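This report concerns only the one structure given below.
The values are calculated or read from the model by the stated rules, or taken from the named source; none is laboratory data. None of the values given here were measured: they were computed from a predicted structure. Positions of Cβ are backbone-derived with ideal geometry, glycine not excepted, and every protein chain shown enters the neighbour counts. All accessible areas refer to the heavy atoms of the entire protein, side chains included, with ligands and DNA or RNA removed. Shrake-Rupley method; radii C 1.70, N 1.55, O 1.52, S 1.80 Å.
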Amino acid sequence: MRHALPLWMSLSLLPFLACSGKACKGSAAESQEARPASPPADRWRYAQLDVRDSEAPARFRAPLPDLTRREEDTWRPEHPPRAHVVDALCAGDPDMVERLVESVNRAVASGAETSKVVQSYANLVSHCGMGSCDWARSVVLDAKRSATARELAWFGLTRCNDPETAALFEKQEAPAFAYISYLDNQRWQSPTVPTLVPFSPKLERAASEAIRREADSPSSLLPRTAAMLLGETDSPRAAEALLRLHAAATTASLRDTLAAAMYRQSHPKARTLFQALCARDSEPLCKPDESSRSEAAADPREQLHKETISPANFAQREDVPRAERIEYLTRCASQRSENEWHTASCLGALAALSREKAAAVAKAWSRGPVPAEMQDAVHVLTRFPASGALEAHLDGLGLTALPRKAAPQEFALTVEEVLLARGRAHVFDVETGMFPNAHDSLLRELAALAPEALPGFLFEEVPPTLEEDEAGTGSYRLIAWGGGKRYETKAQALGDWYDLDAVLTFLNAVARARGSDVRWLSLSTGDQIAHVVAGPSQTLTRLLDSGLMQSGDSDEARSVGREFEEEVRRLLQQEGATLAE
């Protein structure tokens, strides 16, 4: 799913994401409202369905095209939809993996070079998360597979964050582009400043090859990424490698990229090249952020006070004694602040270190007006003060962790956060930034939150024509196949925004038609990031009734996002008029 947020970002930003637009207006006293009453009897809305007897089209089971051919010869109507292929590979579907390998082998047999094949196919798997890790490792380690298939499979590992994959990259010589992509992704595994990648001979070999083979790169960004990773450590060997590559570079743009990568190097010649670049170019690295440099060396206790470090990051700082971390987070979570989401984040981070202390802080807050951003956390901690109590409650409701989607729950505090970590909730941007919007990918992602409801279902969207979309006269068709039936409904063409209401009412209608009591629900957010949960209807109703979750309008995220866009546009127009005067 393209616009899903990474889990660590979803958990760490939930308080912040809910604190924008209308959600943050008003005083703390105004925000201390009664918990929501029981939902109305007609809470679950259903799309109007066109239902017919039909098996899924044969194209869903068809071989993959040869992606080394001209673009107009690939992804023809007889082939599986590209989004379906990508989502199946990223979900670890074994049949689709075999079809991928067969397509790669056919391309090689037709005379395509390995570099061309890998370049053409890598984007099918390089953006997957943990879902592709098992099959990709299996293909890489299978000596019976073709060398080209094994090289491609490395790209299915570039976003894997598990010990087995780390050991594989450490022990084996992975393809240069895949290794560089893996290292770059590992730098962003926590919601903090990126972790510096130390210089090593393996990094030097991979970065040098990726830069020399710039034309073969599956992504135009990888050569620059390789240069930056190579130059991150101030090392004579790193400087010498960059200087050799700079001398051999055949284009001015590549020479500039390599010179920019020397920004940390103290080697005299490297410093000279970097300074020469800065004298004639607007390279961003030529204007370092001095505040970020000073913060990097600052005491994390002071950073927490200044709100320049996330509470979750502070909670994990081994250079601060655990007792002090608890003390500082207790102080932060207990003090009323203009930045409510920071206070709420401190309470969540404190709960990860000491549930007992966090429950005491929540009890103190509950005696008076509770800031809006803290209401969910305070409610959970006062009702479930013991560690594991909320998790046990959700287990009893049947909302256990999904085996293939579950993630660590260390910093999950509220019901929504625990469900997200358990694979029972999905957080995503409702603005897609593209046409068509890929409602089918969103349907697959949301259906996976409750796999028992629509097992084996296939989804497809049929978009309006580009002309209809620009004129605002067309609509999307959303289609689902399963159990010998074909279900269809319409969704609005809203530019580059999902019609989330159509998606949720479609899923609810199909589930009801199939005799399932699972329903999908949009939660209140306050900005254009949507939060959707799925589960048995009575279970979701109980959570809403008890105030542990708050439902929202499924169109809220898009409306808030568009209002923000209009405000930005208005301010830019004002600024333009002022400059013109």
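Some values worked out for this structure:
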quantity	calculated
Over the chain: helical MRE at 222 nm, DSSP H runs n ≥ 4 each giving -39500 (n - 2.57), nearest 500	-14500 deg cm²/dmol
Heavy-atom accessible area order for 102, 356, 445, largest first, 1.4 Å probe	356, 102, 445
Per-residue HN-Hα couplings for the range 126-140 [Karplus 6.51, -1.76, 1.60; θ = phi - 60°; Hz; x = Gly/Pro]	6, 9, 5, x, 6, x, 9, 5, 5, 5, 5, 4, 4, 5, 4
Accessible area expressed per residue, the range 347-421, with surrounding protein chains retained (probe 1.4 Å, Å²)	40
Sequence-separation-based contact order of the chain, relative, with Cα cut under 8 Å and 6+ spacing, percent	18
Exposure of residue 255 as accessible area (Å², to 10), given a probe of 1.4 Å and all protein chains	80
Exposure of residue 324 as accessible area (Å², to 10), given a probe of 1.4 Å and all protein chains	60
Within the accessible area of the chain (1.4 Å probe), percent carbon and sulfur	51
Computed FRET value (nearest 0.05) for residue 69 with residue 172, which takes r as the C-beta separation and R₀ as 35 Å	0.65
HN-Hα J in Hz across the range 51-61 - Karplus 6.51, -1.76, 1.60, θ = phi - 60°, x for Gly and Pro	10, 9, 6, 5, 7, 5, x, 4, 4, 5, 9
Low-density loop positions, trypsin sites (Lys or Arg not before Pro), the range 64-115 - DSSP coil, at most 13 other Cβ in 10 Å	69, 70
Solvent-accessible ranking of 553, 440, largest area first, probe 1.4 Å	553, 440
Label of the coordinate-derived value, semi-axes √(5λ) of the Cα gyration tensor in Å, listed as [x] 51, 35, 33; [y] 39, 35, 24; [z] 42, 31, 22	[y]
Relative contact order (%) - the range 131-272, alpha-carbon pairs under 8 angstrom, separation at least six	16
Amide proton proximity set for residue 552, modelled H, under 5 Å, gap of 5+	522, 523, 524
Other-chain or far-sequence residues with amide H under 5 Å of residue 497's (modelled H)	432
Sequence of 116, 490, 287, 202 from largest to smallest accessible area, 1.4 Å probe	287, 490, 116, 202
Candidates per trypsin sites (Lys or Arg not before Pro) in the range 300-399, loop by DSSP, up to 14 other Cβ within 10 Å	336, 367
Whole-Hz couplings from phi, Karplus 6.51/-1.76/1.60, listed for the range 92-109; x for Gly and Pro	x, 5, x, 5, 5, 4, 5, 5, 5, 4, 4, 5, 4, 5, 5, 4, 5, 5
